[in-house]
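K.L.:
I have a structure I would like to understand better, so I am pasting it below and will then ask my questions one at a time.
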Amino acid sequence: MRTLIKSLCQLLEAGEDLVVATIVSSSGSAPRTAGSKMIIRANGDILGTIGGGLIEAQAQQTAPQIYASRNSQTFIFDMTGAYADTMDMICGGEVEVLLEYIAANDANRPLFEAWQQALEDGRRALLVTPLKSDGPSQQQRCLLQDSKIVMGKPFLDTETVESLWNESKGKNFPLLIKQPKGTFYVEPSFVPATLFLFGAGHVCRPTAALAHMVGFKTVVLDDRDEFANRQRFPTANEIHVVDSYEDCMSMLDIDIHSYLVIISRGHRHDQNLLRQAVETKAGYVGMIGSRGKRDKIFRNLLDEGIPQEALDKVYAPIGMAIEAETPEEIAVSIVGELIQVRARNQAHHA
């Protein structure tokens, strides 16, 4: 999402009007979820995807009409019956797609740039687009932060703004919200899952790179500056060289959106880090090592008074069981597990 919005902003800045196809809602076993986006340029080129096949073909066929009218509209794509049979499609269900005309004007450019910045910074913001139920419409948009319109035309009253803000709390996915004043398509920026990597060794490098690619905010920590540096971790959001691993988590903003991966260089450091990690509110705690290492560290922590139920939540040995051996393969197994847990956590907190 962030990469696509960045491309959208770059194209608007270059003066290019755009049509953006967004899945507003889906039912059944449709292949993409609400919020999936695809940019359709005037020359027919596309960026992103809303599921491929007939859905994208329909959106691309309709896009010239949107460019010509400069109006946005929604359409329902039925993936059952004759359409599905024609395409030999296994998926079934309905998909509602919003085709938005976005002009490269002085109103839209700063609006989308501000939304992109909120996405990058992990600040909560809502991009609000009103939808007309009686046909195509020339879309207005506004950006909300802290229950206030901070950018865009103030076409919403205070009561509607507060209602949209409150109804979207805790949601990291787009919503269709019906209010007395109309129906609104609300796209939240989200607090990204933050991955804290404790130990900047040979497994950490590919883990940080892969995690960044799949949307985690990555924070690398080590007590050695020759390991924790920008040259080794060019895509990391933050790099910290700590004096020691003793009490190093107290300085961090760890909450349910935090994922703690312990991959330091020794049992003593790992035990120290795990002792701190199980006391946090992190949504995930994982520790590298064999079952023998895990059992020894667990016994030591139990002897210190750490409750068993806290240790039961630790993913150890870390990673999915894919017979990984190399650092890169281990990174794949770790990030695969992180993706799985992130999806579960987001569903739980939705």
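Each reported figure results from applying straightforward, stated rules to the coordinates on display, with no laboratory input. Please read these numbers as outputs of a predicted model, since none were measured by experiment. Here Cβ is always computed from backbone atoms with ideal geometry, including for glycine, and neighbour counts include all displayed protein chains.
K.L.:
Any idea which of V241, A324, A21 is furthest toward the positive side of the dipole for the chain, if Lys and Arg beta-carbons carry +1 and Asp and Glu beta-carbons -1?
P.N.:
Of the options given, the answer is A21.
K.L.:
Among 296-309, 250-263, how do they line up from the highest to the lowest mean number of other beta-carbon atoms within 10 Å?
P.N.:
On the way: 296-309: 12.8, 250-263: 19.4.
Output ranking for 296-309, 250-263: 250-263, 296-309.
K.L.:
Please compute the contact order of the chain in relative form: average sequence separation of alpha-carbon pairs under 8 Å and at least six residues apart, divided by the residue count, as a percent.
P.N.:
Working: 634 pairs, mean separation 40.2, N = 350.
Relative contact order here is 11 percent.
K.L.:
Given axes a ≥ b ≥ c from the Cα gyration tensor, I'd like to know whether the range 248-350 is rounded (a/c under 1.5), prolate (a/b larger than b/c) or oblate.
P.N.:
Details: a/c = 1.63, a/b = 1.07, b/c = 1.52.
Oblate, since a/c reaches 1.5 and b/c is not below a/b.
K.L.:
Can you compute the charge dipole magnitude of the range 153-275 about its Cα centre, using +1 on each Lys and Arg Cβ and -1 on each Asp and Glu Cβ, nothing else charged? Give it in debye, rounded to the nearest 20. All intermediate terms of the calculation are to be shown ahead of the outcome.
P.N.:
Values: 13 positive and 16 negative charges, 98 e Å.
Dipole size: approximately 480 debye.
K.L.:
Can you give the log10 of the normalised intensity I(q)/I(0) at q = 0.07, 0.10, 0.15 Å⁻¹, computed with Debye over equal Cα scatterers of the chain?
P.N.:
Ignoring solvent entirely, the Cα scatterers give -0.38, -0.72, -1.21.
K.L.:
Starting with the highest mean, order 53-65, 266-278 by the number of other Cβ atoms within 10 Å, averaged over the residues of each peptide. Could the numbers behind the result be given before it?
P.N.:
Working: 53-65: 17.2, 266-278: 19.2.
Order by mean packing, descending: 266-278, 53-65.
K.L.:
Any idea what diffusion coefficient the range 191-314 gets from Stokes-Einstein, in µm²/s, Kirkwood Rh on alpha carbon pairs, 25 °C, 0.890 mPa s? Before the final figure, lay out each step's value.
P.N.:
Values: Rh = 14.6 Å.
After rounding, the answer is 168 µm²/s.
K.L.:
Separate question: Evaluate the charge dipole of the chain about its Cα centre and quote only its size in Debye, nearest 20, assuming +1 on the Cβ of each Lys and Arg and -1 on the Cβ of each Asp and Glu.
P.N.:
Details: 34 positive and 44 negative charges, 36 e Å.
Dipole of the chain, to the nearest 20 debye: 180 debye.
K.L.:
From the helices alone, meaning DSSP H stretches of at least four residues, give me the mean residue ellipticity at 222 nm for the chain, per-run term -39500 (n - 2.57), in deg cm²/dmol to the nearest 500. All intermediate terms of the calculation are to be shown ahead of the outcome.
P.N.:
Values: 10 runs with 122 residues, N = 350.
My calculation for the chain gives -11000 deg cm²/dmol from helical runs alone.
K.L.:
Number of Lys pairs in the range 97-254 with C-alpha atoms less than 28 angstrom apart, excluding same-chain neighbours closer than eight positions?
P.N.:
Count of close lysine pairs: 20.
K.L.:
So how strong a dipole does the range 143-211 carry about its Cα centre when Lys and Arg Cβ are +1 and Asp and Glu Cβ are -1, to the nearest 20 debye? Numbers along the way, then the final one.
P.N.:
Details: 7 positive and 6 negative charges, 42 e Å.
The dipole magnitude comes to about 200 debye.
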